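Chemist: Dumping the structure here so I can ask a few things about it.
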Amino acid sequence: MKLSHLFLMALVLSGLLSTSGCHTSHVNMEILQAAEIDLPQEVHNIALINRFRPEKGKGFLNVLEGVLSGEGVGRDRNGAETSLIGLTETLAGSPRYKIVRPSLDMKGWGRASFPDPIPRDQVQTICRQYATEALVTIEAFDSDAGRSCERLTRTVKRDGEKFTEVYFEAEQWIDVTVGWRLYLADGTLFDEYRMVERVSFDSEGASESDAFDNLPDVDFMVQEMGHVTGQSYSMRIAPIFVNISRSYYSRGTTALKLGRDKVRMNDWEGAEEHWDMALTNEKEKIRGRAMFNKALAAEVRGELRLAEEIAVRAYEEFGNKTALRYAETLRFRIQEVSRLERQMEGAR
C-alpha cells in the first residue's frame, strides 16, 4: 500500500534525526509548532464556514460528472464537510485562537475551482455578527479516482514442487483538491490556498474482481483524505501542538544502557548522571554518544541554545557526525520558536 506524504506524516519535525538503529532508542516530545503564515496579532477569534455547496441550479454539472465517472454524487460534498471538521478539531487544540462554527448556509460552485471571493461587506457582517476577527472558508473540493488491474504470474513452491501461479494485481489512485480562503474582519482576502493530494493502493486477488474487492472503499478514503487536509491547513494558519521524535544512544556501554532505563521512566536528571559517567569512558566514540545525549536532555528541558552548543561539542570534540545534523535541527527549532513567540504575542 502506498500513501501520499500527507497520510504518512506523523506530525514529526522535518529535522528528524537519522542514526544507527542498533545503538539507539527513540523518545517522543510534544511541542507547540509555529504556523506557516503569520496572521495579524489582532486576530483572536475565527469563524469557520463551509462554502462549497453550489447554489441552486449550479450543481448539475457536478451530478453529471459523478454519473459519467461512476463517482458517488455526494462524495465531494461529504469530503468538504469532513475537511472542515478536521480543521475545526485541530484548531480547537491551538492555544492561539478561539473557533466559532456559525450555522450559515453559504453557497459556492461545488467544484475544484475557487468561486469569486465573498464580498467585503458580507465578510464584515459575518465577523461582526459572530464577534470574530477572521473568517476561514472551504470553497473548493474535488475528488477523482481511477483503477487498473494486471494479470501476473509467479513461481510458487508446494510440497517440494514448483508451480506457476496466476494472480491479479489491482491498483487504485485517488486525487483530492481542496481550496481554502481566509478573510480578515475588514473583508480583506488574506490567504488563498489550494491543496492537491494523492493516495494510491494496490492489492492482490485470485481474480480481477477479487483484487478490486480488496481495495479500500473510495468514498471512505475521500473523507479520510478530507479530514487530513483540514488538519494540514490548521497548521498553516495556527500554532498547533505536534509530536516530534528524537533518537538517542542507548547501547555501547553500561552507562548508556542505564541512561536509557532512566529516560523510559522520564527521569532525565538521572539519565544525565549516567551520561556524565560515560563521558569518562576511554573510547572517544562512547564519549561522543554521551555528549549527544546530553544535548537531547537540554532540548527536553527547553534549553535549545544550550542543546545546540552541546551538540556542536559532540561533533567538534568527539567526531560524532550525527550530532552535527542534530545541531542543524536545533538551529531550525530555535528559529521556529522565535516565530512562534511572535505569533503567540497576540494570544489572550
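The values are calculated or read from the model by the stated rules, or taken from the named source; none is laboratory data. The structure presented is a predicted model; accordingly, all values stated were derived computationally and were not measured. Glycine gets a Cβ as well: all are built from the backbone with ideal geometry, and neighbour counts include every protein chain shown. With ligands, DNA and RNA removed, areas are computed over all heavy atoms of the protein, side chains included. Shrake-Rupley method; radii C 1.70, N 1.55, O 1.52, S 1.80 Å.
Chemist: Report the number of Lys pairs in the chain whose alpha-carbons are under 14 Å apart, with separation of 8 or more residues or on distinct chains. Show your work: numbers first, answer last.
Modeler: Working: LYS56/LYS107; LYS58/LYS107; LYS262/LYS294; LYS285/LYS321.
Taking the Cα cut-off of 14 Å, the pair count is 4.
Chemist: Can you tell me the length gained on complete extension of the stretch GLU341 to GLU42, counting 0.36 nm per residue apart and subtracting the Cα distance?
Modeler: Details: separation 299, 0.36 × 299 = 107.64 nm, distance 1.49 nm.
Computed gain between GLU341 and GLU42 is 106.1 nm.
Chemist: Strictly greater than 17 Å: what percent of every Cα pair in the stretch 234-306 meets that? All intermediate terms of the calculation are to be shown ahead of the outcome.
Modeler: Details: 1189 of 2628 pairs.
Percentage above 17 Å: 45.
Chemist: First measure r as the distance between the Cβ atoms of PHE163 and ASP121, then evaluate 1/(1 + (r/R0)^6) with R0 = 56 Å and state the FRET efficiency to the nearest 0.05.
Modeler: So, using R0 = 56 Å, E works out to roughly 0.15.
Chemist: I would also like to ask the following. Note the per residue figure in Å³ for the convex hull of the C-alpha positions in the chain.
Modeler: Details: hull volume 62.3 nm³, N = 348.
Spelled out: Cα convex hull of the chain, divided by residues, is 179 Å³.
Chemist: In whole percent, how big is the carbon plus sulfur part of the accessible area of the chain, probe 1.4 Å, protein atoms only? Please report the intermediate quantities before stating the final value.
Modeler: Numbers: 8490 of 17720 Å².
Ligands and nucleic acids excluded, carbon and sulfur give 48 percent.
Chemist: Considering all alpha-carbon pairs of the stretch 160-286, what whole percent are spaced by more than 19 angstrom? Could the numbers behind the result be given before it?
Modeler: Working: 5814 of 8001 pairs.
Summing the P(r) tail past 19 Å for the stretch 160-286 gives 73 percent.
Chemist: Okay, next question. Read phi for every residue in the stretch 206-221 and hand back ³J(HN,Hα) as whole Hz from Karplus 6.51 cos²θ - 1.76 cosθ + 1.60, θ = phi - 60°, with x for Gly and Pro.
Modeler: Using θ = phi - 60°, the values come out as 6, 9, 4, 5, 5, 4, 5, 5, 7, 7, x, 5, 5, 4, 5, 5 Hz.
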